[in-house]
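J.: My questions will all concern the structure given below.
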């Protein structure tokens, strides 16, 4: 539109009306550029964070992308609890039904828990014990009825059924009835044969349904009795299971203070909210919003639409952009009916985008003729023809002639026999490899704005149905020497880069050890070859080891990603990596994983060992196939792809949505889901209730049959839409493979090209299963006649396309049967590239065993670990705690010197010498009384707000606040809100912290107010009631790193000398009165040991100068929410999270530093103690949120001897 207006204005510059429209459009485009862009989940998450309390949700709850094994655990617990009731017959029977396996129940659990808008059957239903008892009664009732029916062979209903049967059916039915009788007796008496009995009963039940006119009332009664055995247990158990999983999963997540995406949607669903809650949502959602645009609206679910309709419909312009033909995410909750209801309302203004800017004109014309038929996508969606932006074909042969835009390849043979569909799929893969190779060797060219260029592998794409097909085709192409990749990437944790990161972290966690360094050298990060590594000279290897050492130092200072970049640069691996095939993709994978690791490091400051354990857990989850089903990667786990013209793209149809490629193959578009099996639960759209779950309470129920029919119809229509997405991805040429194969009648090509020509589409769509008439028609065709019918249909529709008949049995060339006149160029024979032979040799390592008990530990490792000698990367990551920034594990690098253990060394960062120097004169170095708290300087709504309310919680908030306090000028904030806002340096630092941690600029006013309040809080009597704001910069130091030998440090070779938590509890016993009641017993129960080194970071160390002398203190920020106020709440939090242990370790580190650096140091005189500052509990003018402990000199000296000697 803007381009058209500019062109009109150039030709008529004096048109004021045109100029005014142009100005409005330019301003609008600028506003769109400045508008915030977010996902729907991100938008809803922000709403919940801002108004979670009013919605009944804790705003501090973290968002959990994956269930981390929760559903697997709930499924296993439910199966154990339900099937332990009753006797062995009940367990054997439910097993024989085959619908309660781990994989099936896990799929159902994910569907129920992941879709908060899915309506479940009402009530939790009876318990497993009640269901088992009812099944026992049904079994007895059926046995009695069966005995009655078989006791009168002349007049029974079963005898009439046998007489009505024909041929072999008579004897088969007699055998089945006899098998049921004997099987029933064996099962009741001996508990065997349940599976065979269930199979025979199901077959007899089907026979009764087909012959209900013969079986009559007795047959209906017998069928009802069989349903009580075959259907009722499954229906009742599934009803109990679904309601239990949904409620229990939410309860468990609430206890852990986490929310799933489904929980987010449920929290903002307007339907159950009261008017006050709706008004609160409207106020927050409409803040600074003058218009709302929702893209891909066809994938919206009902809850999302109800929310946006509440917020914006009728309040501001609401633009919905979507294409109903691309609604293919029903399995994720996308609801096409929501789109239709929202867009077909009477007050809607509809605008059509009728120009195709992707595909060439011949391809657009072919698709218009194919899809422009009546009912191509059902009765509710109409196809509207589009025009191509550019005329002509841009794909040319080597001679410069245009190539056909649509190519149909008919696979010779009849593939309708059982098992032939799988054989056809396998046979097509080598054919595809040859076709792709022929295309690359044919000399075809593409016309671009810069001129003609040859067809590259990056122009080619193959769209498949499943990830398994993509992996198999990828292997086949790579074996033939054709580079390929999977679009949208696989799981990044399954990539080779994840393995290389694992090796790098292992090297950083064990500095100086040669075997892991050798393994890393042979990866992309080192670039060494096997031969070069064996024949290395001392200088090159020393340079490599030195690069690893420098990377370790960078890790401790800046994190894992800077350490990786430093290693790549120093070792020269960056240049080698980018010069290799797929080098840019390899580097992108390394960086993507590095960014995730860096986020983790910034949040928890974990050392390489703990970070390596976390990475190993992610890799294990990516490979997990619990219950036989692979977990679908999350969006954050999807590999980011770098555009590479040297690689053929392989993608599933779902992953290809929104993408485009030059030449596209769709070899498996004839495949379609084959309905819904009887007895399996399914989701369907109820006209009044919306999306609902059907648990099949009774197969003979007309209601259940209607629901299944509706669900199958929805599934078929989605299959047609999936075909539309696949067929519209090509820019220049689309290639379809078709065949006479069972199941193809439900695919889009069959619906467009093979439906009965004399039957209107409206008549077919009126039938419950429109594809059945296609199946009946194709049954009367053999391979040649089906291909001929396809050719006639193309002529009838006038579709410009080329039809080839190909054989999959050999290397026969394609035989053209129908052509639109496009050029057919013989392809140069494609020869797969053979892999080069490379001689490999092995080097035998003869080294003594490693001491796996020696480790670098921290406070977090001690309270998390239960294995006294944890192996490197052997365990899963412990559950994260909402402790603010309580994991203080620091870097694991090599110190200068070995350390004897007699005089443990604290490694001070820059600034320690300044802080330990003589105090400077002046008011900043002395005690300053608290300033008066002036409420008038704050906003009215801030006066009653609790400190740090609205900022959320968890480790992310703790890390954010730590960074703020590290950079804040306490004196400026102490002078008041106006002074803080007037100081440009402070404002720049605060904005930088907000931006770094992804927080909105709108949080700045609240942050300023809470910081000013905090600076006016007192530190308690031990600190002469001084305030935080009176701590001068020269009297405090943030993030003091320490590294202490424990049980001998490098010489700690005796496992028997390892320090236990019980030993530490004994050392702390003299100070038991100052610690929370019972804490020492709790500490002694920790099953952790310490041998090697202890490292960490102290949040704040400061000195306090008074007339009686100078004392040094240790302080730690805490952002926990306390259950109780006052001393009780402080003691509970301290004991729960083992903060006294942390404080003892910090006190020991400070004690050792002061002892080494101060002349005439005496602990009882110079060491002031430990302060835990619970920031959410601190109030201006008092010290209610401060927990204080000054370890006695005997504790400090006793703890020191324990650490040094073990």
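The values are calculated or read from the model by the stated rules, or taken from the named source; none is laboratory data. Values in this document were obtained by computation on a predicted structure and should not be read as measured data. Neighbour counts are summed over all protein chains in view; Cβ atoms, including those assigned to glycine, are modelled from backbone coordinates with ideal geometry.
J.: Within region 344-353, can one find any residue that is at pLDDT 90 or above and either under 35 Å from the mean Cα position of the chain (by Cα) or not assigned by TED's automatic domain parsing to the domain that holds residue 747 (or both)?
T.: There is no residue in region 344-353 that is at pLDDT 90 or above and either under 35 Å from the mean Cα position of the chain (by Cα) or not assigned by TED's automatic domain parsing to the domain that holds residue 747 (or both).
J.: When you go through 107, 134 one by one, which is the residue that is out of contact with any strand residue (DSSP E or B) (no Cβ under 8 Å at 6 or more places or on another chain), surrounded by fewer than 19 Cβ atoms within 10 Å (Cβ to Cβ) and more than 18 Å from residue 226 (Cα to Cα)?
T.: The unique qualifying residue is 107.
J.: Give the residues of region 489-501 that are crowded, with 20+ Cβ neighbours inside 10 Å and touching a helix residue (DSSP H, G or I) at 6+ places or on another chain (Cβ under 6 Å), sorted by residue number.
T.: 491, 492, 493, 495, 497, 498, 501
J.: Select from region 273-319 the residues that are free of Cβ contacts under 8 Å to residues at least 60 places away in the same chain, touching a helix residue (DSSP H, G or I) at 6+ places or on another chain (Cβ under 8 Å) and buried (at least 19 other Cβ atoms within 10 Å of the Cβ) and list them in ascending order.
T.: 292, 297, 298, 299, 305, 310, 311, 312
J.: Let me spell it out: the conditions are (1) in contact (Cβ under 8 Å) with a residue 60 or more places away in the chain; (2) in contact with a strand residue (DSSP E or B) (Cβ under 9 Å, 6 or more places away or on another chain); (3) not in a helix (DSSP H, G or I), and residue 769 meets all of them except one. Which number is the exception?
T.: Of the numbered conditions (1) in contact (Cβ under 8 Å) with a residue 60 or more places away in the chain; (2) in contact with a strand residue (DSSP E or B) (Cβ under 9 Å, 6 or more places away or on another chain); (3) not in a helix (DSSP H, G or I), the odd one out for residue 769 is (2).
J.: Sticking with this one: Out of curiosity, is residue 1036 touching a strand residue (DSSP E or B) at 6+ places or on another chain (Cβ under 7 Å), modelled with pLDDT under 85, under 30 Å from residue 963 (Cα atoms) and assigned by TED's automatic domain parsing to the domain that holds residue 1088?
T.: So residue 1036 does not fit the description; no.
J.: Has region 1086-1095 got any residue that is over 20 Å from residue 860 (Cα atoms) and surrounded by 15 or more Cβ atoms within 10 Å (Cβ to Cβ)?
T.: Within region 1086-1095, none of the residues are over 20 Å from residue 860 (Cα atoms) and surrounded by 15 or more Cβ atoms within 10 Å (Cβ to Cβ).
J.: Could you look through region 274-302, keep only residues that are in a loop (DSSP other than H, G, I, E, B) and more than 27 Å from residue 684 (Cβ to Cβ), and pick out the one that is modelled with the lowest pLDDT?
T.: In this case the residue turns out to be 288.
J.: Is it fair to say residue 259 is under 30 Å from residue 1120 (Cβ atoms), crowded, with 21+ Cβ neighbours inside 10 Å and either in contact with a strand residue (DSSP E or B) (Cβ under 6 Å, 6 or more places away or on another chain) or assigned by TED's automatic domain parsing to the domain that holds residue 164 (or both)?
T.: Considered against the rule, which asks whether it is under 30 Å from residue 1120 (Cβ atoms), crowded, with 21+ Cβ neighbours inside 10 Å and either in contact with a strand residue (DSSP E or B) (Cβ under 6 Å, 6 or more places away or on another chain) or assigned by TED's automatic domain parsing to the domain that holds residue 164 (or both), residue 259 comes out as yes.
J.: Check residue 450 against each of (1) more than 23 Å from residue 359 (Cβ to Cβ); (2) free of Cβ contacts under 8 Å to residues at least 40 places away in the same chain and name the one condition it does not meet.
T.: Residue 450 satisfies every listed condition except (1).
J.: Just checking, how many residues over region 418-456 are surrounded by 12 or more Cβ atoms within 10 Å (Cβ to Cβ) and in a helix (DSSP H, G or I)?
T.: 20
J.: Also, I was wondering about something else. Condition first: part of a loop (DSSP other than H, G, I, E, B) and either surrounded by 15 or more Cβ atoms within 10 Å (Cβ to Cβ) or not assigned by TED's automatic domain parsing to the domain that holds residue 370 (or both). Now tell me which residues in region 774-809 satisfy that.
T.: Those that are part of a loop (DSSP other than H, G, I, E, B) and either surrounded by 15 or more Cβ atoms within 10 Å (Cβ to Cβ) or not assigned by TED's automatic domain parsing to the domain that holds residue 370 (or both): 781, 799, 800, 801, 807, 808.
J.: Filter region 1049-1077 down to residues that are part of a loop (DSSP other than H, G, I, E, B) and at pLDDT 90 or above and give me whichever is nearest to the chain's Cα centre (by Cα).
T.: Only one residue tops the list, namely 1076.
J.: Out of 193, 181, 216, report the one residue that is over 30 Å from residue 692 (Cα atoms) and without any contact (Cβ under 8 Å) to a residue 12 or more places away in the chain.
T.: 193
Residue by residue, here is whether (1) in a helix (DSSP H, G or I); (2) at pLDDT 90 or above; (3) surrounded by 20 or more Cβ atoms within 10 Å (Cβ to Cβ) holds:
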site: 601; (1), (2), (3): yes, no, yes
site: 631; (1), (2), (3): no, no, no
site: 645; (1), (2), (3): no, no, no
site: 658; (1), (2), (3): no, no, no
site: 663; (1), (2), (3): no, yes, yes
site: 671; (1), (2), (3): no, no, yes
site: 675; (1), (2), (3): no, no, no
site: 693; (1), (2), (3): no, no, yes
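J.: Sticking with this structure for a sec: For region 1004-1015, does any single residue satisfy the condition of being exposed (fewer than 15 other Cβ atoms within 10 Å of the Cβ) and under 30 Å from residue 957 (Cα atoms)?
T.: yes
J.: Check 17, 10, 21 and return the single one that is in a helix (DSSP H, G or I), modelled with pLDDT of 70 or more and surrounded by 14 or more Cβ atoms within 10 Å (Cβ to Cβ).
T.: 21
J.: I've got another one for you. If you go through region 1121-1161 one residue at a time, how many are part of a loop (DSSP other than H, G, I, E, B) and either under 40 Å from the mean Cα position of the chain (by Cα) or touching a residue at least 24 places away in the same chain (Cβ under 8 Å) (or both)?
T.: 8
J.: Looking at 771, 751, 716, can you tell me which residue is at pLDDT below 90, crowded, with 16+ Cβ neighbours inside 10 Å and in contact with a helix residue (DSSP H, G or I) (Cβ under 9 Å, 6 or more places away or on another chain)?
T.: 771
J.: Ok, one more. Quick one: in region 398-415, of everything that is surrounded by fewer than 17 Cβ atoms within 10 Å (Cβ to Cβ) and part of a loop (DSSP other than H, G, I, E, B), which residue is modelled with the highest pLDDT?
T.: Out of the qualifying residues, it is 401.
J.: Could you grab me the full set of residues in region 960-971 that are under 14 Å from residue 1013 (Cβ atoms), assigned to a helix (DSSP H, G or I) and touching a helix residue (DSSP H, G or I) at 6+ places or on another chain (Cβ under 7 Å)?
T.: Listed by number, the residues that qualify are 964, 970.
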